[in-house]
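All remarks here apply to the structure that follows.
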């Protein structure tokens, strides 16, 4: 096992800057998600760490050893591909055995290790099958067993759950997390699914246009996004834009929005405030929602009932705000209703506009 | 209902006529190779005399062995070179790749008569001259594009992630090729090999240009024999070749089907 350090890595393909001065420290044994829209560079970064492609500039090290010019076959990594990439001409057991076999390990040792790996992914009895005889979830497990049987220093996963249906994906998320904990391997995981990134990883790195936008634990990124992009890409957010008052903003119509005590920006600069929809309380009169400093008035334009919660779309000064309310059995608000929104400064994040 | 039946009947008749058109001359020739009369006279009387005398015809036998040897060596060389070239074209990006790819296929369309003339002039120019070695070189050149076309077509269905997966597991280039890529394209390699064998074994025009009286192949020898005077031995040897060629073609068809299924 080993940590991975990516330092100032840049990579261009022609005029396109796929990675632009990216630095991330992947701690030993951690579960790391690289999250971003397509074209953000997350897969390019994973392929640099794997060794399929080399950076133009910058350094990559695995376990303290510089590897940015070491080809993939010498990096001792394990990789799970989006479409699994199982060898169709080999049985499940031979697929898993491949990495040990090309190293020239003894047959008995290979057989024992393959069985252990298959048991770990709960496919102990299917070693004799061919890949095309397996379901999508089973193929996924074989790909995982094949990647970890060689005891790689780091496990790389390229959208590994993308091809599975929703229910199976949730099962595999739990399973993948269990296996990762069991063997304690540093895992880097590329996804465009924010929910997957939130539920599975210890840390998330958000990429956009080849740059690392923000990185940290899921809670931190969700609660304290540093940019409008991070706020809206990971989860939903209401974004208010105005001029900084030092500890909040003033909207163009003069309404002040206060941010949390720790958020400070030079007064007068352009700035935004981000508020998560579930942090906003909604009601018919301001008195019933006493206590929170931030208050806006608006009109419900649409309500979507989703069982355990309802989403209200509230029109206010040309902007549509989103409010999510838990289903507590309280009165529901009708579309067209004039409403009051209130939320605390602590639920508000002040963001510098770049 | 009646019209359907008539249409079905017409369809069957069409297929029957088509097959008759393709196979009738060959069947008659095969039958005549077992007929006593050397002049295609009926009634048909069974004999294997012509096969026996074919066995005594040293020139034909020698030419047959030459043909087989050249066809087998041509197959081996063009399969190895052709598969390697297909892999290189598949894997690597290099300057002039598009031009090279485009230039690989016109030789299939150039008439063999012209290719043969060009080869004759060229081989004389560089001092190779005529003979079995020249024939072998010529056949390899003719067969290579076929192998590359067939193997490249098979490679189009190959998922590049498979090679990447093998490399990520620590396999070097040789191991990747032998254990992952080659098994996938094997059906194409075999089909390409059968093509190469057929191109060489059936080759007349180019062989004719490049052979010398002592060093010749079976098709050229048959042509020479017919010019001297037709004997039913030709029927006999032709029948043997047809059986062998058809068996090869059926095998090719089988491997192509395999390729499609995977």
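Quick look at the numbers
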{"read-out": "Residue satisfying condition, being in a strand (DSSP E or B), within 17 Å of residue A:157 (Cα to Cα) and in contact with a helix residue (DSSP H, G or I) (Cβ under 9 Å, 6 or more places away or on another chain), within set A:34, A:19", "value": "A:34"}
{"read-out": "Criterion (in a loop (DSSP other than H, G, I, E, B) and surrounded by 15 or more Cβ atoms within 10 Å (Cβ to Cβ)) met by exactly one of A:129, A:141, A:146", "value": "A:129"}
{"read-out": "Filter result for the condition that a residue is within 14 Å of chain B (Cβ to nearest Cβ), over 18 Å from the mean Cα position of the chain (by Cα) and not in a loop (DSSP other than H, G, I, E, B), over A:83, A:95", "value": "A:95"}
{"read-out": "Some residue of segment A:309-322 being closer than 16 Å to residue A:242 by Cα and under 24 Å from the mean Cα position of the chain (by Cα)", "value": "no"}
{"read-out": "Complete set of residues in segment B:228-243 that are exposed (fewer than 14 other Cβ atoms within 10 Å of the Cβ), part of a helix (DSSP H, G or I) and modelled with pLDDT under 80", "value": "B:228"}
{"read-out": "Residue A:118 being within 14 Å of chain B (Cβ to nearest Cβ), closer than 20 Å to residue B:168 by Cβ and buried (at least 22 other Cβ atoms within 10 Å of the Cβ)", "value": "no"}
{"read-out": "Conditions (1) buried (at least 21 other Cβ atoms within 10 Å of the Cβ); (2) within 14 Å of chain B (Cβ to nearest Cβ); number of the one not met by residue A:46", "value": "(1)"}
{"read-out": "Residue that is surrounded by the fewest Cβ atoms within 10 Å (Cβ to Cβ), among those in segment B:155-165 that are within 7 Å of another protein chain (Cβ to nearest Cβ) and assigned to a helix (DSSP H, G or I)", "value": "B:161"}
{"read-out": "Some residue of segment A:170-180 being within 18 Å of residue A:26 (Cα to Cα) and touching a residue at least 60 places away in the same chain (Cβ under 8 Å)", "value": "yes"}
{"read-out": "Residues (closer than 16 Å to residue B:164 by Cβ and not in a helix (DSSP H, G or I)) located in segment A:37-63", "value": "A:51, A:52, A:53, A:54"}
{"read-out": "Residue selected from segment B:22-48 under the condition assigned to a helix (DSSP H, G or I) and touching a residue at least 24 places away in the same chain (Cβ under 8 Å), by the criterion nearest to the chain's Cα centre (by Cα)", "value": "B:26"}
{"read-out": "The one condition in (1) touching a helix residue (DSSP H, G or I) at 6+ places or on another chain (Cβ under 9 Å); (2) closer than 29 Å to residue B:91 by Cβ; (3) at pLDDT below 90 that residue B:109 fails to fulfil", "value": "(1)"}
{"read-out": "Unique residue being closer than 13 Å to residue A:189 by Cβ and surrounded by fewer than 22 Cβ atoms within 10 Å (Cβ to Cβ) when the list is A:14, A:39, A:3, A:30", "value": "A:30"}
{"read-out": "Scan of segment A:333-347 for residues that are part of a loop (DSSP other than H, G, I, E, B) and under 17 Å from residue A:276 (Cα atoms), ordered by number", "value": "A:344"}
{"read-out": "Test: residue B:203 is part of a loop (DSSP other than H, G, I, E, B) and at pLDDT 85 or above", "value": "yes"}
{"read-out": "Boolean, residue A:292 is modelled with pLDDT under 90 and over 30 Å from the mean Cα position of the chain (by Cα)", "value": "yes"}
{"read-out": "Condition check for residue A:58: touching a strand residue (DSSP E or B) at 6+ places or on another chain (Cβ under 6 Å) and surrounded by fewer than 22 Cβ atoms within 10 Å (Cβ to Cβ)", "value": "yes"}
{"read-out": "Top-ranked residue of segment A:259-284 - restricted to ones that are crowded, with 17+ Cβ neighbours inside 10 Å and more than 30 Å from residue A:308 (Cα to Cα), ranked as farthest from the chain's Cα centre (by Cα)", "value": "A:265"}
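One line per residue, one yes/no per condition, for (1) away from every other protein chain (no Cβ under 14 Å); (2) assigned to a helix (DSSP H, G or I); (3) surrounded by fewer than 19 Cβ atoms within 10 Å (Cβ to Cβ):
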residue: B:101; (1), (2), (3): yes, yes, yes
residue: B:119; (1), (2), (3): yes, yes, no
residue: B:135; (1), (2), (3): yes, yes, no
residue: B:149; (1), (2), (3): yes, yes, yes
residue: B:153; (1), (2), (3): yes, yes, yes
residue: B:167; (1), (2), (3): no, yes, no
residue: B:171; (1), (2), (3): no, no, no
residue: B:176; (1), (2), (3): no, yes, no
residue: B:180; (1), (2), (3): no, yes, no
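Conditions tested, residue by residue: (1) within 19 Å of residue B:183 (Cβ to Cβ); (2) away from chain B (no Cβ under 14 Å); (3) within 24 Å of the chain's Cα centre (by Cα).
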position	(1), (2), (3)
A:75	no, no, no
A:89	yes, no, no
A:102	yes, no, no
A:124	no, yes, no
A:137	no, yes, yes
A:151	no, no, no
A:159	no, no, yes
A:165	no, yes, yes
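The values are calculated or read from the model by the stated rules, or taken from the named source; none is laboratory data. Computed from a predicted model, the values in this text were never measured in an experiment. We place every Cβ from the backbone using ideal geometry, glycine too, and count neighbours over all the protein chains shown.
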